[in-house]
Amino acid sequence: MTRMTSLPDGTLVPVLGQGTWEIGDDPKTADAEQAALSRGLDLGLSLIDTAELYGNGKSERLVGEVIRGRRDEAFLVSKVRPENAGEMSMMLACERSLERLGVDRLDLYLLHWESRFPMDEIIAGFEELIDEGMIARWGVSNLDLKTMDRMEALDGGVGCQTDQVLYHLGSRGIEFDLLPWAQERNMPLMAYSPLGRGGKGGLLEHPALIEIADRHDASTAQIALAAVLRQEGIIAIPKASTVAHVEANAEALEIELDAEDLAVLDRAFPPPSTAQPLDII
């Protein structure tokens, strides 16, 4: 059974979910992507994250195909574009997402990143969607500590269930301030691109990761994922486009990094010593 954590409202969710950024874009890979997501559900990786932005709805449609007949097995997360976050436009955007997914309710609906609409209006929009039964709860994405503080002070702001942010070994800035802030509130952060943009850019070829992977008879991707998941209050949502990939991600849950491993990682990828701007892709 996969490891679980709880949202502020007490809902249990797996610490390892499934991301769908750039999934559903190419019809030639759709069958493999659907098989991967379905296998993830089999393995208990029930949290599936998507967004109206991803492929202009193609990702949501593909997820909808996967969960047809399995809705009760999935914890569905989608995101509203900032320009659609006004109280009335959010209702329409959510309706479109529900239609593409083939469901009548989202388990969690996130603001994709900061919007020109006032946050109190956005919160009111989320609360209206809850009242209408279209979403069960809400959260945000790509918001830094100052913005989270301001939001928390607003009426209804404490209803936020998560902040989805970029987090991987090469981008550890949240460990200085945002992560401790969230941990104090028992609010898990949701880590997107936990392998460093799907492993592109050299992170997974780093000698430190290769050394530790050899020691654990694992892949560097599994070590990078285990390093993110060792933190309390982190939900990781890596993308997996094949069954083999999602199975490898699930196996990372079994890896326990020891003090020597962590010391090697800290030397190679130093934790932040000061506050840093929030990294966003």
Using only DSSP helix segments of four residues or longer, with each worth -39500 (n - 2.57), what per-residue ellipticity at 222 nm results for the chain after dividing by its residue count and rounding to 500?
-11500 deg cm²/dmol
What angle do you read, to the nearest 10 degrees and between 0 and 90, between the alpha-carbon axis of helix 30-42 and the longest principal axis of the chain?
80
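Highest first, please rank the peptides 247-254, 213-220 by the mean number of other Cβ atoms sitting within 10 Å of their residues.
Details: 247-254: 18.6, 213-220: 15.9.
Packing proxy ranking, top to bottom: 247-254, 213-220.
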Once both axes come from the Cα atoms, what is the angle between helix 119-131 and the longest principal axis of the chain, in degrees from 0 to 90, rounded to 10?
80
Highest-first arrangement of 49-56, 148-155, where packing means the average Cβ count within 10 Å:
49-56, 148-155
Hand me the tally of lysine pairs in the chain: alpha carbons under 28 angstrom apart, and the pair either on different chains or 8 or more positions apart.
11
Among 172-178, 263-269, what's the highest-first ranking by average C-beta atoms within 10 angstrom per residue?
172-178, 263-269
Sorted by chain and then number, the residues having a modelled amide H within less than 5 Å of the amide H of Met4, at least 5 places away or on another chain, are Val15
Report, by chain and number, residues whose modeled amide H sits under 5 Å from the one on Trp138, excluding near sequence neighbours (fewer than 5 apart, same chain).
Tyr109, Gln161
Can you list residues from other chains, or at least 5 along the same chain, whose modelled amide H is less than 5 Å from the amide H of Ile235?
Leu189, Met190, Ala191
Starting at the first residue of segment 68-81, write each ³J(HN,Hα) from the Karplus equation 6.51 cos²θ - 1.76 cosθ + 1.60 with θ = phi - 60°, in whole Hz, x for Gly and Pro.
4, x, 10, 4, 5, 8, 10, 9, 8, 10, 9, 9, 9, 5
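How big is the charge dipole of the chain about its Cα centre, in debye rounded to the nearest 20, if each Lys and Arg gets +1 on its Cβ and each Asp and Glu gets -1 on its Cβ?
Numbers: 25 positive and 48 negative charges, 106 e Å.
That gives a dipole near 500 debye.
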On a C-alpha basis, how far is the centre of segment 129-143 from the centre of segment 34-53 in Å? Whole number, if you could?
19
When the charge dipole of the chain is computed with +1 on Lys and Arg Cβ and -1 on Asp and Glu Cβ about the Cα centre, the Cα farthest towards its positive end, among Asn84, Gln34, Ala275, belongs to Gln34
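Bear in mind these aren't lab numbers, they're just calculated from the coordinates by the rules spelled out. Note that the structure is predicted; figures quoted are calculated from it, not measured. For neighbour counting, all protein chains shown are included, and Cβ atoms are generated from backbone atoms with ideal geometry for every residue, glycine included.
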